[in-house]
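Novice: Have a look at this one.
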């Protein structure tokens with residue numbers, strides 16, 4: 001953030017998550033206003049999510065407040081008229097922070113659980129903090145040679161995976177380590193406006209080499225021991241990481257044929273078997289259903305990977321998988337604990353956006369993302385069942401009220417919005 005007026009009485013509060021381009025753009029805009037901006041990562045402070053949703057009625061990020069005045073998300077911020085934006089800035093500069101200002105993380109609680117700072121407040125203990133603490137006291141970390149160079153306080157990827165498997169039994173946690181490292185890379189190479197990513201710069205970041213070493217060790221994961229919840233979190237995280245890895249190594253596909261090849265050939269060796277992006281999405285997460293433009297199911301009856309597939313299609317995964325296009329849902333990290341709740345929240349947030357769902361009460365028409373067309377079978381197979389699924393998974397909002405009104409009138413027309421396949425690569 002740029003320097004701000006230290007005489008300001010209030011503050012701007014931004015609730016965000018790491019790796020979200022909309023959050024990055026919003027914070028870049030706010031940083032130029034000359035007022036204090038407090039960034040609260042709700043990914044690291046999940047205890048605040050319910051309160052933020054209560055205050056805003058939304059599950060998406062960012063959510064922006066000038067003192068106690070809720071502006072909305074990034075789109076709302078960018079659409080503000082200059083005079084209205086200046087009025088809000090003046091509120092922060094001239095009026096003291098009111099008692100009902102949006103909450104920040106509990107500093108006292110954070111100081112008891114972590115020694116790291118994050119902006120103006122202390123961070124809560126991360127979900128992997130206990131694993132890291134045990135790792136520090138284990139036998140994995142030490143001095144290791146790589147060529148002619150000795151690296152102190154380091155560990156080879158294969159030894160880390162051995163330790164996770166033998167000491168912790170944590171295949172799902174390995175996927176989180178992989179995913180968090182990619183997410184860190186993604187965040188560091190977003191442009192200031194949040195609209196593009198420097199994949200070339202990311203590819204030469206030393207952290208990318210560390211990620212590649214860790215990804216190789218996925219071949220050692222014991223997949224058959226995973227529960228349904230662990231499979232969901234593991235394969236969603238790995239899918240999103242593999243897309244980014246594929247972009248970095250091969251470049252972004254730019255036409256239909258390149259996309260077909262990309263999703264059918266970009267793969268990881270996991271648990272001794274090769275899994276392409278198509279295999280992960282349609283074979284594992286959709287219960288071995290045919291994908292878009294596929295003539296056959298991904299896994300035959302004799303394919304050993306069929307044992308890993310979930311028994312049924314999981315429609316909520318479509319709001320967690322990011323294929324690298326602008327029309328995709330945002331990238332997040334998922335954990336086995338309360339995975340269904342996390343996925344419902346992702347679906348609710350996705351449906352709030354007009355590029356996912358638009359309701360025209362006058363024409364009695366509902367326009368949906370192409371995702372609902374491609375995978376209509378997962379949402380019931382008919383327009384009627386699809387619309388019922390959508391309304392049941394929307395958060396309380398004027399859009400939901402409009403949709404309910406349209407459905408109650410009967411004879412609702414369903415159409416599908418254009419899908420933005422363009423990538424956000426800067427070069």
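The values are calculated or read from the model by the stated rules, or taken from the named source; none is laboratory data. On a predicted model such as this, the values are computed, not experimentally measured, just so you know. All Cβ positions, even for glycine, are placed from backbone atoms using ideal geometry, and neighbour counts span all protein chains on display.
Novice: Tell me which of these residue 284 doesn't satisfy, since it passes every other one: (1) at pLDDT below 90; (2) in contact with a strand residue (DSSP E or B) (Cβ under 8 Å, 6 or more places away or on another chain); (3) assigned to a helix (DSSP H, G or I).
Specialist: (1)
Novice: Now a separate question. Return yes when residue 299 is in the same structural domain as residue 220 (by TED's automatic domain parsing) and over 24 Å from the mean Cα position of the chain (by Cα) and no when it is not.
Specialist: In short, yes.
Novice: If residue 44 satisfies every condition in (1) over 20 Å from the mean Cα position of the chain (by Cα); (2) more than 23 Å from residue 351 (Cα to Cα) but one, which is the exception?
Specialist: Of (1) over 20 Å from the mean Cα position of the chain (by Cα); (2) more than 23 Å from residue 351 (Cα to Cα), only one is false for residue 44: (1).
Novice: Restricting attention to the range 56-77, report how many residues are outside any loop (DSSP other than H, G, I, E, B) and over 22 Å from the mean Cα position of the chain (by Cα).
Specialist: Total meeting the criteria: 5.
Novice: Give me the pairs, please: first residue somewhere in the range 356-377 and at positive phi, second residue anywhere and crowded, with 16+ Cβ neighbours inside 10 Å, beta-carbon distance under 8 Å, and either six or more positions apart or on two chains.
Specialist: These pairs meet every condition: 364/406; 364/412.
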